[in-house]
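Each remark here refers to the structure printed beneath this line.
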Amino acid sequence: MTTLTDLQNHELEKYPPDGDFSEHLTLVRIPKTQAELEDLTENQKDGNIQAPSWFTYKSVLAYIYSLFPIVSVLRHYKIKEYLLKDAVSGLSTACLHFPQGMAFGILSSLAPKYGLYTSFFPVVLYVIFGTCPFVSFGTNAVISLFTANLIQDQVTTPESSGGTNSSNNTDGQIDEEEFVEMKAAIAAGSSFIVGVLLLVLGLLRLGFIASYMSSPFVGAFTTTAAIHIMSSQVPKSLGVRIPSVSGPGKIVIMYIEIFKNITSANVGSIVTSIVCIIILIFVKDFINEKFKTKMFMPVPIDLILVILGSVVSYFGELHSQFSIPVVGNIPPGVPAPTLPDLRSGIIGNSVVIAIIIFVLTISMTKVCESKNAINADQELVAYGMSNFGSSFFRCFPSCVAPPRTILLKSMDAKTTMNGIFSALVILLILLFLGEYFQYLPLAVLSIMVIMAVKNLLLQFRDLPRLWRINKYDFTVWTATLATGVLIDFPYALYCGVGLSVLLVVFQSQRGKKGLIGKLQNEDLYVGETNFTVLPRGVKVFKMESSLYFATSESFRESLYRVAWDPRTLKPHDSNNEVSLSVESIPTKENDKTKVEKTCSEERLVIIDCSSFNYVDVNGISALSLVVREYRYVGIKVLLTRCTESFLSVMRRSELIETVGEENVFPDIVDAVALNISDDSTRL
């Protein structure tokens, strides 16, 4: 048996006692057990290092200071270098904020003015608490759709002619304007809950939760949202009046109602929609794309379309002459602070909205801010404060919008101060210019909403790639979409998350399990092939998965199948002999080694634990049982390449005593070198 001292003496004999080792030294690692390795690293630590104190005056002050990034921005703001780019990018973004605010205000089943409020207050708050200069907080199509569903679950929407200037009553007691105000209070209550939840998560530094939603799920979920958004705007773009639809099968029922009432479609709305589609596609997909390298900024066609639509509608008297529904009155001014309407029935949906806001926003942030690391925890605080503070001003939940964020990225915004310039434009519209857009046809805003989610619909193009790379991701994508479209939007979230978790467990159970061997003339261990060798009587087993309740039983059965099954062997006797049945030893057709029924050589089972990132009670119990069963028949079990988390679990449980600390090694090479004699016959 080779000992540690023998190896050390063998290496030292090569070099003179007082000579220069630099010309002769070769890095030959001396085999060690895990305990010896830890003793070595412990001795190399500097004993003078003191544990940091987290509750000093400076640390608390630094934490409070980190909650207000605007202070750092103002302290280090370079006016000559930053001001022009922040101003231009902010004003350019305002050209999208204004039309999208009006459009998404209607999409939220409210009125355009509430969309403008949500395009102002959250923007100002994000400037104070946010860290990414490319995040354009405000209205978002997906969140607006969620808000509409939440409101629909709480109140019964009165039928109207399509515009917000209707004078219909609800039960003869409340007019349209008061009813919309009541819905806005509920939406503000949702924004309050969303803000509190995100703020708490940020203060507790739980930004890592964003990693629990996979890209395929987010892609399928946002595509489902795009289909719902587009479908909700079809009646307005056609000028068709349909009854309110909710519950499972909503989209299917909605299109049935549209086709039932298609004969009552407004020709003026259809013509307006077609003209808007042509203009938007031509400018956005042709002019802005083809000449983006030559233009200082993209053509703000949304803003231009809103202005032209309002002018044409006013002078052409489209509402009175052709019965085309219009936006209606937009009262000037900003709302006074009021308490939001908090109801227990909106908590569940608000939690879902909070999760979606964080996932969508942090995803866009990471895409745009590729050079610098994102402080996800502070971003959570910013999202929370933006929603919490704006909830007192009748704002519905706010989020980032990809078109505005991409615009800020292309305009090379320098700091979050660009939001101030966007907010000033929206404030100007709220105070003085809003009333000039009351004649804007609703069909214009509906088409703008549909075109805003066009790129989300194009995510269907990712399906062939998903199928090639990972069919599990393809399954999650298609199942999430089918559930959200055929049943209802919230069910897409439940299906996607549930299926993702189920597939993670399923894939862990299907992790590769088998023997590995050593390449000839190399200290590398790979899957067992004809080119791998091992000392006689040694089996090295590896499972490429964590060891927990879902994999513990398959781990034990797979090990017994490919190595030796101790349940078929006779108990260990005093001569350390092991009697083996022919069936208990796996053989190959081309294996020239004869299998004997009885042998007296020492046998080892080495388990590669490098994939055991997580081990639970079931895993500990299974591994303890394996060690005891093998020990009962005289086979020693060695554990190698243990992860830090696994070592920690071993020391907190009885496993370290069962295995024996001397049988735990940092690498397979160490285990073989310290447990196999030099004259072992190699297969």
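The values are calculated or read from the model by the stated rules, or taken from the named source; none is laboratory data. This structure is a prediction, so every number in the text was calculated from the model and none was measured. Here the Cβ positions follow ideal geometry from the backbone for every residue, glycine too, while neighbour counts run over all protein chains shown. Calculation scope for accessible area: heavy atoms of the full protein, side chains included, ligands and nucleic acids excluded. Shrake-Rupley method; radii C 1.70, N 1.55, O 1.52, S 1.80 Å.
For the range 137-192, a residue qualifies if it is within 26 Å of SER264 (Cα to Cα), β-branched (Val, Ile, Thr) and at pLDDT below 85, and the qualifying residues are THR156, THR157, THR164, THR170.
Of the helices (runs of 4 or more DSSP H) lying entirely inside the range 312-430, none contains at least 2 residues that are within 23 Å of LEU74 (Cα to Cα) and of a type in the set (Phe, Trp, Tyr). When the criteria are applied in full, ILE277 meets the requirement of being more than 29 Å from ILE374 (Cα to Cα), of a type in the set (Val, Ile, Thr), touching a helix residue (DSSP H, G or I) at 6+ places or on another chain (Cβ under 8 Å) and in a helix (DSSP H, G or I). Just one of the listed residues (ILE353, ILE362) is surrounded by 15 or more Cβ atoms within 10 Å (Cβ to Cβ), in contact (Cβ under 8 Å) with a residue 24 or more places away in the chain and more than 30 Å from LEU84 (Cβ to Cβ), and it is ILE353. Within the range 416-466, restricting attention to residues that are among the aromatic types (Phe, Trp, Tyr) and out of contact with any His (no Cβ under 8 Å at 6 or more places or on another chain), the residue that is surrounded by the most Cβ atoms within 10 Å (Cβ to Cβ) is PHE437.
Quickly run through the range 112-134 and pick out the residues that are aliphatic (A, V, I, L, M), out of contact with any strand residue (DSSP E or B) (no Cβ under 9 Å at 6 or more places or on another chain) and either open to solvent by 10 Å² or more (accessible area, probe 1.4 Å) or at pLDDT below 90 (or both). Scanning the range 112-134 gives VAL124, ILE128. Could we say that ILE307 is open to solvent by 70 Å² or more (accessible area, probe 1.4 Å) and either under 30 Å from LYS414 (Cβ atoms) or outside any helix (DSSP H, G or I) (or both) here? Yes. The set of residues from the range 190-218 being open to solvent by 50 Å² or more (accessible area, probe 1.4 Å) and of a type in the set (Val, Ile, Thr) comprises VAL196, VAL200, ILE209. Looking only at residues in the range 647-668 that are open to solvent by less than 10 Å² (accessible area, probe 1.4 Å), part of a helix (DSSP H, G or I) and in contact (Cβ under 8 Å) with a residue 40 or more places away in the chain, the one that is farthest from ASP616 (Cα to Cα) is ILE668. Residue count for the range 135-158, restricted to those that are surrounded by 24 or more Cβ atoms within 10 Å (Cβ to Cβ), of a type outside the set (A, V, I, L, M) and not in a helix (DSSP H, G or I): 5.
Can ALA479 be described as among the small types (Gly, Ala, Ser) and more than 30 Å from TYR82 (Cα to Cα)? Here the answer is yes, as ALA479 does meet what is asked. Entry remark, the range 69-83: residues being aliphatic (A, V, I, L, M) and farther than 19 Å from VAL123 by Cα number 1 in total. Scanning the range 484-494 for residues that are touching a residue at least 40 places away in the same chain (Cβ under 8 Å) and part of a helix (DSSP H, G or I), we see that the one that is surrounded by the most Cβ atoms within 10 Å (Cβ to Cβ) is ALA492.
Tell me yes or no: at least one residue of the range 253-263 is in a helix (DSSP H, G or I), open to solvent by 70 Å² or more (accessible area, probe 1.4 Å), aromatic (Phe, Trp, Tyr) and at pLDDT 90 or above. Checking the range 253-263: at least one residue is in a helix (DSSP H, G or I), open to solvent by 70 Å² or more (accessible area, probe 1.4 Å), aromatic (Phe, Trp, Tyr) and at pLDDT 90 or above.
The listed residues are THR338, THR263, and the only one of them that is of a type in the set (Ser, Thr, Tyr) and without any contact (Cβ under 8 Å) to a residue 12 or more places away in the chain turns out to be THR263.
Of all residues in the range 505-530, those that are more than 18 Å from ALA671 (Cα to Cα), open to solvent by 90 Å² or more (accessible area, probe 1.4 Å) and either in a helix (DSSP H, G or I) or of a type in the set (A, V, I, L, M, F, W, C) (or both) total 0.
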